[in-house]
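Asks: What follows is a structure written as C-alpha cells; I'll ask about it next.
Just so you know, all these numbers are worked out from the coordinates, no wet-lab data involved. Note that the structure is a prediction, hence the values are computed from the model and not measured. Cβ: placed from backbone, ideal geometry, glycine included. Neighbour counts: every protein chain shown.
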Amino acid sequence: MHDILQQGMFNCPKLHLLTHYDSQIKDFETLPQDSMKITEALHKPLKDAYRCSNRVDAMEQILDTILRDYAIRVRELNLIVGS
C-alpha cells in the first residue's frame, strides 16, 4: 500500500492517513474519528435546553436558556476570582 500512496496521484492527506490506521488500531484499539464523546458532549446543552422548552418557538427558548446558563457561569467565576 505504501508503494501506491507514494506515487504522485495518490499522495494526498486523506489517503496518507490510511497508512496509519493499522498502527492506530494496534496501539489504541480504536480510530480517533470513531469516538462520539466529544460531539455528544457538545450537544448536551442544546438537548437539555430543548427539553426545558415548550416546543413552541423552541429556538428562542433554547438560546435564552443557554445564554442564561452562560451568564450564570460567568457570574460564578467572577465571584470566585473576586474573593
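Asks: List pairs: first in segment 45-58 and touching a residue at least 24 places away in the same chain (Cβ under 8 Å), second of a type outside the set (Asp, Glu), Cβ under 8 Å, 6+ apart or cross-chain?
Replies: Listed by first residue and then by second, the contacts come to Pro45/Ile66.
Asks: Another one. Hey, could you check segment 59-83 for residues that are free of Cβ contacts under 8 Å to residues at least 24 places away in the same chain and among the charged types (D, E, K, R) and say which is nearest to Leu17 (Cα to Cα)?
Replies: If we take residues in segment 59-83 being free of Cβ contacts under 8 Å to residues at least 24 places away in the same chain and among the charged types (D, E, K, R), then Arg73 is nearest to Leu17 (Cα to Cα).
Asks: Could you please find all residues in segment 37-70 being surrounded by 10 or more Cβ atoms within 10 Å (Cβ to Cβ) and among the small types (Gly, Ala, Ser)?
Replies: Ala49, Ser53, Ala58
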